[in-house]
Amino acid sequence: MRNHDSKRLRKGHNDKSEHYPEKFDYRQIAILNKFADSLSIHTIDKEYLEKHELVVDMLSLEVMQNNLAAINILVDNQKERSHHQTVTADFYDFIDKVDKQRAEQVQHYQTRLGRNDTSRVTATIMTAQPYLVALTKYANNSEKTDENRALAEQHINRTIRLTAKQYEVAYKGLDTLMNHDSVQKHVRELGDSLGRFTTDYAEKLSGDDLRRVNDGLKAIDTGIEISNTSQRVVTQNSAQPTYYSV
């Protein structure tokens, strides 16, 4: 039943809990899906009464204690949502603050680098380190609730995934810059930040993350073709890039 559009917010339709409070929200659906997977229930809508009896039989005290979040959603999803919002308000206030600070830093760095897409992505990469430091400090703060610290860890992992993709995009975008000096400026900034990024978050970087970074670094290894309205010049970076083991 949870997967009926009448019971959940629809993806791609900009549905919000404020408009449909009775429906399961996206976070709740993810929790319920994980719970169903743990019970090996993949066709809960089929032969509902039979499945319902099956689920009831599966809900031992131990199962319920280990899946309190899912149980609370099933009992009263609106009450559970309200409780979650209250408990996690501190994290969302925090992330709103650091997101605004990061946006200001990006604008500052982009003023130095340029106004094209490659400069914007590079500026965003340059702000990733202090952003992740702030998130890590929050996640390690024992005074924060378990729910908030878990949210911080999730945000750290998402930021690392995104930053690895941004390195690939930025390196591959170097040939969109207008002159050699601009390329070298971006290469220096990317190289300086990449060394810290791969060192500080080595244990969290996945094989896919490192492949994306290495794919981007190939732009330096093979040469960067600079273009503007009057010329196209191939430049080869004198320093060979350091590739990272996957």
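Kindly indicate whether residue 221 is out of contact with any Asp or Glu (no Cβ under 9 Å at 6 or more places or on another chain) and part of a helix (DSSP H, G or I).
yes
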> When the range 59-100 is examined, which residues are found to be among the charged types (D, E, K, R) and open to solvent by 60 Å² or more (accessible area, probe 1.4 Å)?
Replying inline: 62, 76, 79, 90, 93, 96, 97, 99, 100
>> Suppose the filter is touching a Leu at 6+ places or on another chain (Cβ under 9 Å), part of a helix (DSSP H, G or I) and either open to solvent by less than 80 Å² (accessible area, probe 1.4 Å) or acidic (Asp, Glu) (or both); does residue 103 pass it?
In response: no
>> For a quick check of your reading of the model, give me the residue pairs whose first member lies in the range 90-104 and is in contact (Cβ under 8 Å) with a residue 40 or more places away in the chain, whose second is surrounded by 14 or more Cβ atoms within 10 Å (Cβ to Cβ) and assigned to a helix (DSSP H, G or I), with beta-carbon atoms closer than 7 Å and at least 6 apart or on different chains.
In response: 90/148; 91/148; 91/151; 91/152; 94/138; 95/155
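If you check residue 153 against the conditions, is it buried (at least 18 other Cβ atoms within 10 Å of the Cβ) and among the charged types (D, E, K, R)?
Details: buried (at least 18 other Cβ atoms within 10 Å of the Cβ): no; among the charged types (D, E, K, R): yes.
It is false that residue 153 is buried (at least 18 other Cβ atoms within 10 Å of the Cβ) and among the charged types (D, E, K, R).
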> Which members of the range 55-100 meet the condition of being of a type in the set (A, V, I, L, M, F, W, C) and outside any helix (DSSP H, G or I)?
Replying inline: 59
> For residues in the range 196-246 being surrounded by 11 or more Cβ atoms within 10 Å (Cβ to Cβ), within 21 Å of residue 184 (Cβ to Cβ) and among the small types (Gly, Ala, Ser), which is modelled with the lowest pLDDT?
Replying inline: 227
>> Checking the structure you have, find out if any residue of the range 124-147 is at pLDDT below 95, assigned to a helix (DSSP H, G or I), out of contact with any Ser or Thr (no Cβ under 8 Å at 6 or more places or on another chain) and open to solvent by 30 Å² or more (accessible area, probe 1.4 Å).
In response: yes
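The values are calculated or read from the model by the stated rules, or taken from the named source; none is laboratory data. These numbers come from a predicted model, not from an experiment. Positions of Cβ are generated from backbone atoms using ideal geometry, with glycine treated the same way; all protein chains shown enter the neighbour counts. Heads up: the accessible areas ignore ligands, DNA and RNA and are worked out on the full protein's heavy atoms, side chains in. Shrake-Rupley method; radii C 1.70, N 1.55, O 1.52, S 1.80 Å.
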